[in-house]
Amino acid sequence: MLTSVNCAVLSFLYIYLRSTMKKRLTFIFILAAITVTGILIFQVYWVYTSYLTAERNFNRDMVYALQESLDAYPLKVSKLPASLAGKSPNLSMFEPISDEPLPANSYGPNKVAHNSFRMNQVPVSAANLVAVQEMVARVITESSQKPVNMQVLAALYKSTLTKYHIVHPFKLVLINQTKIQPDDIAAKVKFSKNKDAVKVEIADADQYLLSQNITPALLSIILILLSGGSLYYMGLTIRRQVQLDGIKNDFINNVTHELRTPISILKSTHDSLLHFSDLSDVDKTRRNLNINVDILDKLDKNVDRILDITRHEQGIKRMNYELINIDQLMTDIISRFAANGDNKIEYHSNLVNKLIHTDSYIIDTVVTNLVDNAIKYSREDVNIQITTSLVGKGWQLQVKDNGIGISDQNLPYIFDKFYRVQSGNIHDVKGYGLGLSYVRLLVSNLKGTISVKSKPGIGTTFTIKFPENE
């Protein structure tokens, strides 16, 4: 037998467990938030460092390509000796020789050549031909002192860039070597005696780098968005879990309070019969037993309602469609609430055909729950209007009251199982928080939809729409 002390203990345990669970979920959320934030920061840092690396590699390749072009320039603009362009390339070299007698038949007897040179033809192998040609071309270009032909150099540079897979507009500018800055893409002209240098000017380099690295950048952005979206969704989930945990604990607390009253009454009547009543007093005994039966009937109905919800959720309980007179059903429902003369309940029917093919038990349960809620959450002057009407090919049922209304903060959750509008530990309105959840489930089983509009202090209107009446 549950006593008031037991209820107090359960209430304390409920508050303690709720506080502990909330702290635990808060810790999990903070830890997850730190983890995901770290992932986001790392991903952004990785994208940034990848861009800087790509920029450095790009500048390095541009400088390498420019230096290669300058090395190839003399060979492009110089005319090499014919001996280096034939099938048997050779290089003519003059070798100094000591005094040597001249032929007597040509120069006379005893003639000697002083300080003379001998020309030797040195063959150039294929492996060394290019290096020799470049050396000779550089010597020729340096000795000619002609200005650098920027068009020829630009063509060479463009061709060299393709080897580095770089295709982007550029401009070559001839500057003095002393004006080269650390971040410039430039190279010295080795064959120039004027200390010239060539600088590359590039427009929209950042856009080019982005276009070349668009795939990894997009993947990184997608990962960042997914990480941020995961954090947001996780936050919503944890927040929702905290709310559901609170709703569940509220349900337990509500059940405790709801059971306290009938159990206390049953205990009192039993104690009265056992210790203080004369069992020969039939009227008093019958009165106490009737009270017990009434209390037990109410408990039995509450248990049946919870079991009905489970059956409907699991699809065990099937619909029982039949033709019913909707006006008669509404009249019967209103008559059950007519015992309290303070309740003003009006019914208006705009249906031409009063016969509806539906489940009478479900319609009865839905309307009864909505009217019962309207009475519970109303002021002294209860005014409830029930209306049926045609909507398209179907029909709708509307229950409107002038109660205390529902705030915008609570309105999205009123159809959630176990949810009740928060009012601290005050339980002036009895219930388990199952009514509207049960109503939505029943309406859904009839393939209908339910919506609600409410304004605090003015009232609430529930609108239920059902498909075509077959």
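Key figures for this structure:
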{"quantity": "Residue that is of a type in the set (Gly, Ala, Ser), at pLDDT 70 or above, assigned to a strand (DSSP E or B) and out of contact with any helix residue (DSSP H, G or I) (no Cβ under 7 Å at 6 or more places or on another chain), where the choices are SER437, SER454, SER389, SER407", "calculated": "SER389"}
{"quantity": "Failed item, numbered, when ASP428 is tested on (1) modelled with pLDDT of 85 or more; (2) more than 40 Å from the chain's Cα centre (by Cα)", "calculated": "(1)"}
{"quantity": "Residue satisfying all of: in region 45-65; in contact with a Ser or Thr (Cβ under 8 Å, 6 or more places away or on another chain) and not hydroxyl-bearing (Ser, Thr, Tyr); surrounded by the most Cβ atoms within 10 Å (Cβ to Cβ) among these", "calculated": "ALA65"}
{"quantity": "Test: residue in region 102-120 that is surrounded by fewer than 16 Cβ atoms within 10 Å (Cβ to Cβ), in contact with a Ser or Thr (Cβ under 8 Å, 6 or more places away or on another chain) and either at pLDDT below 75 or assigned to a helix (DSSP H, G or I) (or both)", "calculated": "yes"}
{"quantity": "Some residue of region 28-41 being open to solvent by 50 Å² or more (accessible area, probe 1.4 Å), assigned to a helix (DSSP H, G or I), on the phi < 0 side of the Ramachandran plot and at pLDDT below 75", "calculated": "yes"}
{"quantity": "Residue in region 377-385 that is at pLDDT 85 or above, open to solvent by 30 Å² or more (accessible area, probe 1.4 Å) and of a type in the set (A, V, I, L, M, F, W, C) present", "calculated": "no"}
{"quantity": "Set SER11, SER50: member being touching a Pro at 6+ places or on another chain (Cβ under 8 Å) and either part of a helix (DSSP H, G or I) or modelled with pLDDT under 80 (or both)", "calculated": "SER50"}
{"quantity": "Whichever residue in region 350-366 is over 14 Å from GLY448 (Cα atoms) and either charged (D, E, K, R) or within 43 Å of the chain's Cα centre (by Cα) (or both) and, among such residues, is most open to solvent (accessible area, probe 1.4 Å)", "calculated": "LYS354"}
{"quantity": "Residue check, VAL352 touching a strand residue (DSSP E or B) at 6+ places or on another chain (Cβ under 9 Å), aliphatic (A, V, I, L, M) and more than 14 Å from LEU329 (Cα to Cα)", "calculated": "yes"}
{"quantity": "Checklist (1) surrounded by fewer than 17 Cβ atoms within 10 Å (Cβ to Cβ); (2) at pLDDT below 85 applied to TYR419, failing item", "calculated": "(1)"}
{"quantity": "Region 325-349 - residue that is at pLDDT below 85 and over 16 Å from ASN373 (Cα atoms) and, of those, least open to solvent (accessible area, probe 1.4 Å)", "calculated": "GLY341"}
{"quantity": "Residue that is modelled with the highest pLDDT, among those in region 294-322 that are open to solvent by 80 Å² or more (accessible area, probe 1.4 Å) and among the aliphatic types (A, V, I, L, M)", "calculated": "LEU296"}
{"quantity": "Residues that are open to solvent by 10 Å² or more (accessible area, probe 1.4 Å) and closer than 24 Å to GLY403 by Cα, drawn from region 442-455", "calculated": "THR449, ILE450, SER451, VAL452, LYS453, SER454, LYS455"}
{"quantity": "ILE224, sole failed condition from (1) touching a residue at least 24 places away in the same chain (Cβ under 8 Å); (2) in contact with a strand residue (DSSP E or B) (Cβ under 9 Å, 6 or more places away or on another chain)", "calculated": "(2)"}
{"quantity": "Positions within region 169-214 being of a type in the set (Phe, Trp, Tyr) and either over 52 Å from the mean Cα position of the chain (by Cα) or part of a strand (DSSP E or B) (or both), in sequence order", "calculated": "PHE191"}
{"quantity": "Qualifying residue in region 140-149 (condition: β-branched (Val, Ile, Thr) and modelled with pLDDT under 80)", "calculated": "no"}
{"quantity": "ILE384 closer than 27 Å to GLU468 by Cα, touching a residue at least 40 places away in the same chain (Cβ under 8 Å) and not small (Gly, Ala, Ser)", "calculated": "yes"}
{"quantity": "Residue satisfying all of: in region 86-101; assigned to a loop (DSSP other than H, G, I, E, B) and open to solvent by 80 Å² or more (accessible area, probe 1.4 Å); modelled with the lowest pLDDT among these", "calculated": "ASP99"}
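Residue by residue, here is whether (1) farther than 21 Å from ALA72 by Cα; (2) open to solvent by 80 Å² or more (accessible area, probe 1.4 Å); (3) not in a loop (DSSP other than H, G, I, E, B) holds:
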residue: ARG138; (1), (2), (3): no, yes, yes
residue: LEU156; (1), (2), (3): no, no, yes
residue: ILE166; (1), (2), (3): no, no, no
residue: TYR233; (1), (2), (3): yes, yes, yes
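The values are calculated or read from the model by the stated rules, or taken from the named source; none is laboratory data. Note that the structure is a prediction, hence the values are computed from the model and not measured. Cβ coordinates were reconstructed from backbone atoms using ideal geometry, including for glycine residues, and neighbour counts include every protein chain displayed. The protein model used for the area step is the full one, side chains on, heavy atoms only, and it has no ligands, DNA or RNA in it. Shrake-Rupley method; radii C 1.70, N 1.55, O 1.52, S 1.80 Å.
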